[in-house]
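**Student:** After the structure tokens below, expect a handful of questions from me.
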Amino acid sequence: MDLVTNSSNGTLFSLDYFPIDSFGVVGYVFRILSMIDWSNQFTTGGITLAILGTFLATLKMILNYIVEAIKRDWIITAEFSSENETFSWLMAYLADHPSSRTSTRFSVVSDITRPGDRRSESELLEASATGFGTELLPQVYYLPNPGDHIIRYRKHFLYLNRHRLPISPEDWGGQPKEVISISAFGSRSIIEQLVTECQKKWIETEKGRTVIYSADQYGGWRRMRSRPIRPLSTIVLDRGVKNLIVRDAIEFLKSEKWYGDRGIPYRRGYLFHGYPGTGKTSIIAALAGHLRFNIYVISLSNRALTDDNLVELMSLTPPHCILLLEDVDVAFKTREKESEDKSKGASGGGSDSTSRSLTFSGLLNAIDGVAAQEGRILCMTTNHIDRLDPALIRPGRIDVRVLFDRASKWQSRQLFRNFFSPASTPDLEKEPELLTREELYSLAEEFASRIPEREYSMAELQVFLMSHKYSPRLAVKNIDGLLEVRLRAKTPDPASEEHNSEERYDKNTNSSVA
Ligand SMILES: Nc1ncnc2c1ncn2[C@@H]1O[C@H](COP(=O)(O)OP(=O)(O)OP(=O)(O)O)[C@@H](O)[C@H]1O
């Protein structure tokens, strides 16, 4: 038998009163309690604290459980990731939300998460009063900063959390990935209404604009910017060429069934090649605007691009879009050269192409493999068609080839007319010279007669005209200054080796449909 002495009165307790076997843990607890000296205030204080602590911990556990259960069953949360376009919709919405203007913690951004709309007249006046160069000031947006926020939407309070994810080593040079989560109590429909409103607002602000998407570092598409639709009338190509391109694209878009009936893959490829600054990129932008398509740009010289990545990007393009492949001549010289480089690399030469993860065959496969999107228009641009592998531009991959040459007299005249026509005159403080239509046409004629045929690119002529934007008469008078434009822009000397290869274009046909 165990005997324990109660120190206060010396009474002896027998532990056999609380046998462990018959009462289990409870019995054991009672046995311990019976051993405690209850008259000692340190002991009782400690025990009270322990009991209180246990009680509070249990209460916390129960509360956590209830909160989790409410969160699970009653709190509806939607996440918007910066990898997805919905993020831009939400950001644009939040930028206009009253809470973004009154919040005490906010981020200030001036970037492209929404179209760069013009500042209002009063804002510009206010800015000019502060002494800044108004036209240089970009639009700024106030957005909830990373952290927790409560916003009000249609009489509901929504909880908003914005946080940035840690940057992984693969995310080179990109923006940090972000997630915004929005929670509502009880009703999923309020979040759906919010999403629909953001989407409508976005569509509204994008109306009349062409959106440009670019491949991002996560292997998906990222909206880069949007710009006002470029009217086709602002593009001046050799007579008939513009119509040929536009009509061909429209005809293609109307012929889905025709392609299907004949088992021909429903895709169309265009190659725009020729001298720099002659309108290759501009016609793509104008064509996209005319068709109400967006442009998806892949730069093949992007070293992070892999074969798989390219296939994935191609399959992610929407059916009605223009897919623009840039730098085709820079990315690949010829397959022969590539394999030559490879063999050099294998023998320790450390070639460029062995370190590339995009291969020529990968590119061909992506262009017309099974994953390639039906209905899309593929455009490639190059200054050096002679450097392209014939397989890349064979009919089927490229259906229409157009040479963009330096300006003809006809183009110079049209450009002059477009540039100084009253409708296209920019709304600037300084009034341009007022001309009658006859005067304008006669000046345009004189301008064209003094511009040597196929000597200057349209970009060069445009830069020259811009330096006389208020005075068409002076532009004609100062034509000799055109040479200065060329020197200022440091355009390569046409006599150089590079441009000798271009001469071949001059002697060939102007444009052709393969
Ligand atoms: N045919 C044209 N009609 C109207 N504007 C033109 C034309 N060609 C060039 N421009 C003007 O010149 C500038 C450069 O044109 P663009 O970028 O389209 O040339 P590009 O041929 O794509 O040049 P690069 O081969 O160097 O990419 C633009 O501002 C554009 O407005």
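The values are calculated or read from the model by the stated rules, or taken from the named source; none is laboratory data. Worth saying up front: this structure is predicted, and the values here are computed from it rather than measured. A quick note on method: Cβ atoms are made from the backbone with ideal geometry, for glycine too, and the neighbour counts reach across all protein chains shown. The area values use the complete protein model at the heavy-atom level, side chains included, leaving out ligands, DNA and RNA. Shrake-Rupley method; radii C 1.70, N 1.55, O 1.52, S 1.80 Å.
**Student:** Condition (residue is at pLDDT below 70, away from the ligand (no atom under 16 Å from the Cβ) and over 18 Å from residue 369 (Cβ atoms)) applied to the range 314-333: is it met by at least one residue?
**Tutor:** Scanning the range 314-333, I find at least one residue that is at pLDDT below 70, away from the ligand (no atom under 16 Å from the Cβ) and over 18 Å from residue 369 (Cβ atoms), so the answer is yes.
**Student:** Still on this structure, I have one more. Identify all residues within the range 196-213 that are touching a residue at least 40 places away in the same chain (Cβ under 8 Å) and charged (D, E, K, R); write none if there are none.
**Tutor:** Those that are touching a residue at least 40 places away in the same chain (Cβ under 8 Å) and charged (D, E, K, R): 197, 201, 206, 209.
**Student:** What do you reckon, is residue 450 away from the ligand (no atom under 11 Å from the Cβ) and at pLDDT below 90?
**Tutor:** Working: away from the ligand (no atom under 11 Å from the Cβ): yes; at pLDDT below 90: no.
Answer is no for this residue.
**Student:** What are the residue pairs meeting all of these: first residue in the range 455-473, first residue within 17 Å of residue 443 (Cα to Cα) and assigned by TED's automatic domain parsing to the domain that holds residue 415, second residue of a type in the set (Ser, Thr, Tyr) and open to solvent by 20 Å² or more (accessible area, probe 1.4 Å), Cβ atoms under 9 Å, and 6 or more apart or on different chains?
**Tutor:** Within 9 Å, the pairs are 464/456; 469/425.
**Student:** Let me ask another. Quick one: residue 342 ticks every box in (1) modelled with pLDDT under 85; (2) under 20 Å from the mean Cα position of the chain (by Cα); (3) assigned to a helix (DSSP H, G or I) bar one, so which box is it?
**Tutor:** (2)
**Student:** Collect the residues in the range 221-264 that are small (Gly, Ala, Ser) and surrounded by 14 or more Cβ atoms within 10 Å (Cβ to Cβ), keeping them in residue-number order.
**Tutor:** 226, 249, 255
**Student:** Sticking with this one: How many of the residues in the range 156-202 are modelled with pLDDT under 90, of a type in the set (A, V, I, L, M, F, W, C) and exposed (fewer than 15 other Cβ atoms within 10 Å of the Cβ)?
**Tutor:** 4
**Student:** Also: Across the range 280-307, which residue is farthest from residue 207 (Cα to Cα) among those that are open to solvent by 20 Å² or more (accessible area, probe 1.4 Å) and within 13 Å of the ligand (Cβ to nearest atom)?
**Tutor:** 299
**Student:** Within the range 54-84, track down each residue that is closer than 30 Å to residue 313 by Cα and either open to solvent by 100 Å² or more (accessible area, probe 1.4 Å) or at pLDDT 85 or above (or both).
**Tutor:** 77, 78, 79, 80, 81
**Student:** Of the residues 482, 443, only one is outside the structural domain of residue 284 (by TED's automatic domain parsing), at pLDDT below 95, open to solvent by less than 40 Å² (accessible area, probe 1.4 Å) and within 16 Å of the ligand (Cβ to nearest atom); which? Let's see the steps before the verdict.
**Tutor:** Working: 443 fails: within 16 Å of the ligand (Cβ to nearest atom).
Residue meeting the stated conditions: 482.
**Student:** List every residue pair whose Cβ atoms lie under 7 Å apart, where the two residues are 6 or more positions apart in sequence or sit on different chains, the first residue falls within the range 83-110 and is of a type in the set (D, E, K, R), and the second residue, located anywhere, is modelled with pLDDT of 85 or more and open to solvent by less than 60 Å² (accessible area, probe 1.4 Å).
**Tutor:** Filtered contacts from the range 83-110: 105/147.
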